[in-house]
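Shown next, in structure tokens, is the structure this report addresses.
Derivation of every value follows stated rules applied to the coordinates shown; laboratory data play no part. Keep in mind that what you see is a predicted model, and the values were worked out from it rather than measured. Here Cβ is always computed from backbone atoms with ideal geometry, including for glycine, and neighbour counts include all displayed protein chains.
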Amino acid sequence: MPPYRNPQPPYGSGRTPGTAHVWLFAGLGALVVALVAVTAVVVVTRDSGGQQGLGTTTTSTSAGTTTATSTTPAPVIAGYQTVVPNDLRAAWDVPKDWTVDTSHSSMNSATDSVPVAGLAYEGVGYCTDNVRTQMFLTQTKIADTAAAAADIATRMARIGWTTNTSIVPGTAEPFDSSSHALHGVYLETTGTFTAADASCAKTFAVHTFAVSGGSAGALVLAIGADTGVDRSVTRDFARRLLATLRLF
């Protein structure tokens, strides 16, 4: 897939993100806050039953309000680094050697734009003008998790691999975060594309973990990866990373 180059947005044509940033802060930020409140209720319920809560995060609820006290969460996977997008109470893990950009941006085409928060990537230049893997948090206005996972995956495939020759959405599967605080679906979308460099991959996969926020839409953690090359992300590894998503 095309590499991320600052200050241009990932996957993008270099267009100014504009309204995508507004939607990202207003839509994604509000959705995360709403889901934090729901998670807080779950944690309080678990704790009252004597079960373990969410590690170092302390959350309390009162009528109509939710407050939280937390430092940057420690990695769930030992030896990994935690990605925390600016101004969002969401986090997930990536390997230590991945590059992380905690800012907000967008992935763009001439006809579509997807908000991006907390971009992490690796494999820049593994072949000419391509990057092997990118991962970020985004949102769709679709509340149904299966439809949301498919929507983001298909849009990423179209924008990220503009020379695609096939896009094949998989079947949505029930999926929980490793803390069991977030419940949603996992979906793997695969495809083929034509690369200018013969050493590049010819296949790709988009892995999505969607969590519904009701009428606010769905939160989606996504991984886009060239596949069939050395060190490419496998389905099992993608699921392991996606499962580290947590809110605090």
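Along the stretch 195-204, what does the Karplus equation 6.51 cos²θ - 1.76 cosθ + 1.60 (θ = phi - 60°) give for ³J(HN,Hα), rounded to whole Hz, x for Gly and Pro?
9, 5, 9, 5, 7, 7, 5, 10, 10, 8
Determine, from the Cβ-Cβ distance of residue 103 and residue 158 and an R0 of 22 Å, the FRET efficiency 1/(1 + (r/R0)^6), rounded to the nearest 0.05. Spell out each step's value before the answer.
On the way: r = 24 Å, r/R0 = 1.07.
The value I calculate is 0.40.
Find how much the distance from residue 110 to residue 199 grows on full extension, using 0.36 nm per residue of separation minus their present alpha carbon separation; answer in nm with one decimal.
Values: separation 89, 0.36 × 89 = 32.04 nm, distance 2.79 nm.
That works out to 29.3 nm of additional length.
With the alpha-carbon atoms as the only input, what is the per residue convex hull volume for the stretch 125-164 in Å³?
On the way: hull volume 3.2 nm³, N = 40.
It is 81 Å³ per residue.
Under a Cβ-Cβ cut-off of 14 Å, what is the net charge of the residues other than residue 146 that fall near it, where Lys and Arg count +1 and Asp and Glu count -1?
Numbers: positive: none; negative: 144, 151, 173, 188.
Local net charge: -4.
When you take every Cα atom in the stretch 60-205, what is the radius of gyration, and what is Dmax, the widest Cα pair distance, in Å?
Every Cα atom of the stretch 60-205 included, Rg and Dmax give 17.1, 60 Å.
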